[in-house]
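The values are calculated or read from the model by the stated rules, or taken from the named source; none is laboratory data. Computed from a predicted structure; not experimentally measured. Quick reminder, even Gly has a Cβ in these numbers, built from the backbone with ideal geometry, and neighbours come from all protein chains shown.
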Amino acid sequence: MENKKDVLILGIESSCDETAASVVKNGREILSDVIASQADFHEQYGGVVPELASRMHVDAIYPCIESALKEANVTLDDIDAVAVTYGPGLVGALLVGLSAAKGLCAATGKPLVGVNHLHGHICANYLCFPELEPEFLCLCVSGGNTQIVKVNSYTELEILGKTRDDAAGEAIDKIARVIGLGYPGGPKMDKAGQGGDVNAYEFAVNHMKDTLDFSFSGIKTNALNIINQSKQKGEEINVSDFAASYQKHIAKILCDHTVKASEATGIKKICLAGGVSANSFLRKAFDEASLKHDLKLYYPKLRLCTDNAAMIASAGYFEYINGRRDDLALNATPSLKLGR
């Protein structure tokens, strides 16, 4: 029997402050993974400045694509399709990657495949675990989104629970700024909390009874009140203890709701995805839960938790073989939703 042809996807990602390009084979094997990060630049402003991010994407996008093709030892002729993030994200940033992808497709005749950035994060797990197949549950948690997703197939995603206000990552980033850790808040909070007493501070936790949805505005407000009350009393906040306690509480909320979803569906395979999936307090909470509830856990490599184009190429592959093709009228969708 003739061997099935390998499918090579060029992935392009520019939804926030990472310009990235990657070539992935058959949705699972990374041939190249190039990232130009703007994090150090935006740190001086305390967060991402959208207009400046867009300009930096313009400068970096084609060099990233050229490097990805070279690193993979392929040309555009070898590529089967171009996958690109078209949402959610910063509209100006999205348009840079989308325009580059459209230009390549117009020039070469290659198919264009639009990818939901959050679907990409879920697919990062396929790049790390060759044996992983649907169905499974995925906690997709980042600075802008917090969702429990039932992955029914490689392209069919069902939302079981989502945040009703702030995302978990936003709640962490906000408090990181307030206690003087700066940007990027997530990694700095994680580092600050190492060795801290996770029981030093207590926070009010809203577990949203009778639903799998989340709410993080309450715990964020509670943390701000504790900080302000301490200032008024002239008391010092122990940053390490505060960071550890705060992250432990958020991790518990995320883990408890995911376990609840597992019990409701009977699904024991659990994946993490998104920038906050790199958080050590979250991983520790899930490690403990897996022993108690007999869960099979999948964590992406740390590099693949944050924004990258390999995950976009992987998601693009599964969309491509499922028949998705987008025309050159595809537009950026900053508030694009995931699944159903």
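Testing residue 192 on (1) in contact with a strand residue (DSSP E or B) (Cβ under 9 Å, 6 or more places away or on another chain); (2) farther than 19 Å from residue 145 by Cβ, one condition comes back false. Which one is that?
Result: residue 192 fails condition (1) only.
Of everything in the stretch 287-303, what is within 21 Å of the chain's Cα centre (by Cα) and surrounded by fewer than 24 Cβ atoms within 10 Å (Cβ to Cβ)? Give them in sequence order.
287, 296, 297, 298, 299, 301, 302, 303
Scan 315, 332, 310 and give me the residue that is in contact with a Ser or Thr (Cβ under 6 Å, 6 or more places away or on another chain) and not assigned by TED's automatic domain parsing to the domain that holds residue 216.
The conditions single out 310.
If I filter the stretch 150-166 for residues that are modelled with pLDDT under 95 and touching a helix residue (DSSP H, G or I) at 6+ places or on another chain (Cβ under 8 Å), do I get at least one hit?
Checked the stretch 150-166: at least one residue is modelled with pLDDT under 95 and touching a helix residue (DSSP H, G or I) at 6+ places or on another chain (Cβ under 8 Å).
Which of the residues belonging to the stretch 114-167 are closer than 18 Å to residue 320 by Cα and part of a loop (DSSP other than H, G, I, E, B)?
Scanning the stretch 114-167 gives 133, 134, 152, 153, 154, 155, 156.
Here's the yes/no breakdown for (1) under 21 Å from residue 184 (Cβ atoms); (2) among the hydrophobic types (A, V, I, L, M, F, W, C); (3) not assigned by TED's automatic domain parsing to the domain that holds residue 188:
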position: 13; (1), (2), (3): yes, no, yes
position: 72; (1), (2), (3): no, yes, yes
position: 75; (1), (2), (3): no, no, yes
position: 80; (1), (2), (3): no, no, yes
position: 90; (1), (2), (3): yes, yes, yes
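Looking at 234, 316, 274, 266, can you tell me which residue is out of contact with any His (no Cβ under 6 Å at 6 or more places or on another chain) and within 30 Å of residue 100 (Cβ to Cβ)?
Exactly one of 234, 316, 274, 266 is out of contact with any His (no Cβ under 6 Å at 6 or more places or on another chain) and within 30 Å of residue 100 (Cβ to Cβ), namely 316.
Do we have any residue at all in the stretch 184-198 that's in a strand (DSSP E or B) and touching a helix residue (DSSP H, G or I) at 6+ places or on another chain (Cβ under 6 Å)?
no
Scan the stretch 310-340 residue by residue and report those that are aliphatic (A, V, I, L, M) and closer than 25 Å to residue 269 by Cα.
Matches in the stretch 310-340: 310, 311, 312, 313, 315, 321, 338.
Looking at 275, 266, 234, 323, can you tell me which residue is in contact with a Ser or Thr (Cβ under 6 Å, 6 or more places away or on another chain) and either over 24 Å from residue 131 (Cβ atoms) or loosely packed, with under 15 Cβ neighbours inside 10 Å (or both)?
None of the others qualify; the one that does is 275.
Yes/no matrix, rows are residues, columns are (1) without any contact (Cβ under 8 Å) to a residue 60 or more places away in the chain; (2) within 20 Å of residue 315 (Cβ to Cβ); (3) crowded, with 19+ Cβ neighbours inside 10 Å; (4) under 18 Å from the mean Cα position of the chain (by Cα):
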{"residue": "11", "(1), (2), (3), (4)": "no, yes, yes, yes"}
{"residue": "14", "(1), (2), (3), (4)": "no, yes, yes, yes"}
{"residue": "51", "(1), (2), (3), (4)": "yes, no, no, no"}
{"residue": "83", "(1), (2), (3), (4)": "no, yes, yes, yes"}
{"residue": "92", "(1), (2), (3), (4)": "yes, no, no, no"}
{"residue": "105", "(1), (2), (3), (4)": "no, yes, yes, no"}
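In the stretch 307-340, which residue that is part of a loop (DSSP other than H, G, I, E, B), farther than 23 Å from residue 160 by Cα and not aliphatic (A, V, I, L, M) is modelled with the lowest pLDDT?
307
List pairs: first in the stretch 256-268 and without any contact (Cβ under 8 Å) to a residue 40 or more places away in the chain, second assigned to a loop (DSSP other than H, G, I, E, B), Cβ under 9 Å, 6+ apart or cross-chain?
Matching pairs, first to second residue: 259/295; 268/294; 268/295.
Taking the condition of being touching a helix residue (DSSP H, G or I) at 6+ places or on another chain (Cβ under 8 Å) and over 27 Å from residue 175 (Cα atoms), how many residues in the stretch 46-75 meet it?
8
Restricting attention to the stretch 271-306, report how many residues are on the phi > 0 side of the Ramachandran plot and in contact (Cβ under 8 Å) with a residue 40 or more places away in the chain.
Counting residues in the stretch 271-306 that are on the phi > 0 side of the Ramachandran plot and in contact (Cβ under 8 Å) with a residue 40 or more places away in the chain gives 1.
Could you grab me the full set of residues in the stretch 148-184 that are of a type in the set (A, V, I, L, M, F, W, C) and either in the same structural domain as residue 37 (by TED's automatic domain parsing) or under 14 Å from residue 224 (Cα atoms) (or both)?
171, 172, 175, 176, 178, 179
I'd like the residue in the stretch 326-340 that is of a type outside the set (A, V, I, L, M, F, W, C) and touching a Pro at 6+ places or on another chain (Cβ under 9 Å) and, out of all such residues, is surrounded by the fewest Cβ atoms within 10 Å (Cβ to Cβ).
Per the criteria, the residue is 335.
What number of residues in the stretch 228-247 are without any contact (Cβ under 8 Å) to a residue 60 or more places away in the chain and either touching a Phe, Trp or Tyr at 6+ places or on another chain (Cβ under 7 Å) or of a type in the set (Phe, Trp, Tyr) (or both)?
2
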